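Structure, as structure tokens:
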Amino acid sequence: MLKAGSLLIVGAGNMGGALLRGLLGTGWDPAAISVVERSAVRRDELSAVAGITVTDSPSPSEAVLLAVKPSDAEEACTALQWTGEHRRLLSIVAGVPSELLERWTHDAAVLRAMPNVAAAVGRSATALCAGRRAKDDDVAWAEGILAGIGTTVRVPESLMDAVTGLSGSGPAFLAVFVEAMIEAGVQLGLSRADAAKLATETVWGVGEMLVRSGQDPASLRYSVTSPGGTTAAGLQALEARAFRAAVAEAIGAAAERSAQLRDKGTGSGRAATNS
């Protein structure tokens, strides 16, 4: 799938790198992608990818994917060298509102996205919101980029903190759950390798079922829970430990932290730092 035009990726750390791998894995032409990365070590690693231009400073571009740390967002935006009539910025920087990005980029069409780390395997759950200058064709452009790394939903910018807590931080919460499943399996006598395979494939399989069928999770739970059976006993143990409340509290805490970082960045005129 060859994409028309070109894309400048500013920042190729964990998430920027995941996005880059996802784009290349779904058929993007490497010659259409340029990467700006401060780290010399990281630049050397990226230079091994055939066809990609890797530099330590921005080149003229009309389409930019911003993937830097929040504390570096203002500096990165002001260093951009815009060209062409349709200046577009797609930011995946957490906690930096479109209003600031528009100011720092001299009113480019700004779109914000919150992907997650599953972008590396083309399975990111990503939310997208549009700034005040972004038009329908700008949103379509951003969706075209994000389509290469997974599923995208449009949300109002006011809900981006909630998205951060749910799908942005969600992979870490799921990883903890899988860790706990593995440890429980080992304690019950399984080898660690077998427990890990069973746990990870179980989570993967259930996710695949829910996505493909569109089935409500409660319906799936009901279908595998026999009265007085093994699953019912396990669910009762989870409920006794307030499992649902703990999950809601974790997502809420992540969303609240996202709002705190956003407010800090907005109030100071600079982007907040991650924590």
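The values are calculated or read from the model by the stated rules, or taken from the named source; none is laboratory data. Computed from a prediction, not measured in an experiment: that's the story for all the values here. Counting neighbours? That spans all protein chains shown, and the Cβs are built from the backbone with ideal geometry, glycine included. Ligands, DNA and RNA are stripped out before the accessible areas are found, and what is left, the full protein with its side chains, is counted by its heavy atoms. Shrake-Rupley method; radii C 1.70, N 1.55, O 1.52, S 1.80 Å.
Some points to look at:
- Screening GLU143 on (1) out of contact with any strand residue (DSSP E or B) (no Cβ under 8 Å at 6 or more places or on another chain); (2) closer than 30 Å to GLN260 by Cα; (3) surrounded by fewer than 19 Cβ atoms within 10 Å (Cβ to Cβ) shows it passes everything except condition (1).
- Entry remark, the range 50-89: residues being surrounded by fewer than 15 Cβ atoms within 10 Å (Cβ to Cβ) and aliphatic (A, V, I, L, M) number 2 in total.
To keep it simple, each residue is scored yes or no on (1) at pLDDT below 95; (2) open to solvent by less than 50 Å² (accessible area, probe 1.4 Å); (3) out of contact with any helix residue (DSSP H, G or I) (no Cβ under 6 Å at 6 or more places or on another chain).
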site: SER167; (1), (2), (3): no, yes, yes
site: ALA172; (1), (2), (3): no, no, yes
site: VAL178; (1), (2), (3): no, yes, no
site: ARG192; (1), (2), (3): no, no, no
site: ALA196; (1), (2), (3): no, yes, no
site: MET209; (1), (2), (3): no, no, yes
site: SER226; (1), (2), (3): no, no, yes
site: ILE251; (1), (2), (3): no, yes, no
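- Hits in the range 146-160 (condition: part of a loop (DSSP other than H, G, I, E, B) and either open to solvent by less than 20 Å² (accessible area, probe 1.4 Å) or touching an Asp or Glu at 6+ places or on another chain (Cβ under 8 Å) (or both)): none
- Residue check for GLU99: of a type in the set (Asp, Glu) and open to solvent by less than 30 Å² (accessible area, probe 1.4 Å): no
- If you go through the range 27-51 and keep only what is under 19 Å from LEU146 (Cα atoms) and assigned to a loop (DSSP other than H, G, I, E, B), you end up with GLY27, TRP28, ASP29.
- Beta carbons closer than 8 Å, at least 6 apart along the sequence or on distinct chains, pair a first residue in the range 219-230 that is under 13 Å from MET209 (Cα atoms) with a second that is modelled with pLDDT of 95 or more and open to solvent by 70 Å² or more (accessible area, probe 1.4 Å) for LEU220/MET209.
- Just so you know, in the range 102-135 the residues that are surrounded by fewer than 24 Cβ atoms within 10 Å (Cβ to Cβ) and among the charged types (D, E, K, R) include one that is modelled with the lowest pLDDT, and it is ASP107.
- Output for the range 17-41, where each listed residue is open to solvent by less than 50 Å² (accessible area, probe 1.4 Å), more than 24 Å from ALA108 (Cβ to Cβ) and charged (D, E, K, R): none
- The set of residues from the range 240-250 being within 30 Å of the chain's Cα centre (by Cα) and part of a helix (DSSP H, G or I) comprises PHE243, ARG244, ALA245, ALA246, VAL247, ALA248, GLU249, ALA250.
- Scope the range 166-206; condition among the small types (Gly, Ala, Ser) and either in contact with an Asp or Glu (Cβ under 7 Å, 6 or more places away or on another chain) or not in a helix (DSSP H, G or I) (or both); matching residues: SER169, GLY189, SER191
- Selection within the range 1-16: residues that are at pLDDT below 85 and in a helix (DSSP H, G or I). The member of this set that is least open to solvent (accessible area, probe 1.4 Å) is MET15.
- Test result for TRP204, more than 15 Å from the chain's Cα centre (by Cα), under 30 Å from LEU65 (Cβ atoms), surrounded by fewer than 13 Cβ atoms within 10 Å (Cβ to Cβ) and not hydroxyl-bearing (Ser, Thr, Tyr): yes
- Filtered residues of the range 53-70 (kept if under 22 Å from the mean Cα position of the chain (by Cα) and closer than 15 Å to ALA12 by Cα): VAL64, LEU65, LEU66, ALA67, VAL68, LYS69, PRO70
- Taken as a whole, the structure leaves VAL163 outside the set of residues that are assigned to a loop (DSSP other than H, G, I, E, B) and either open to solvent by less than 60 Å² (accessible area, probe 1.4 Å) or among the polar types (S, T, N, Q) (or both).
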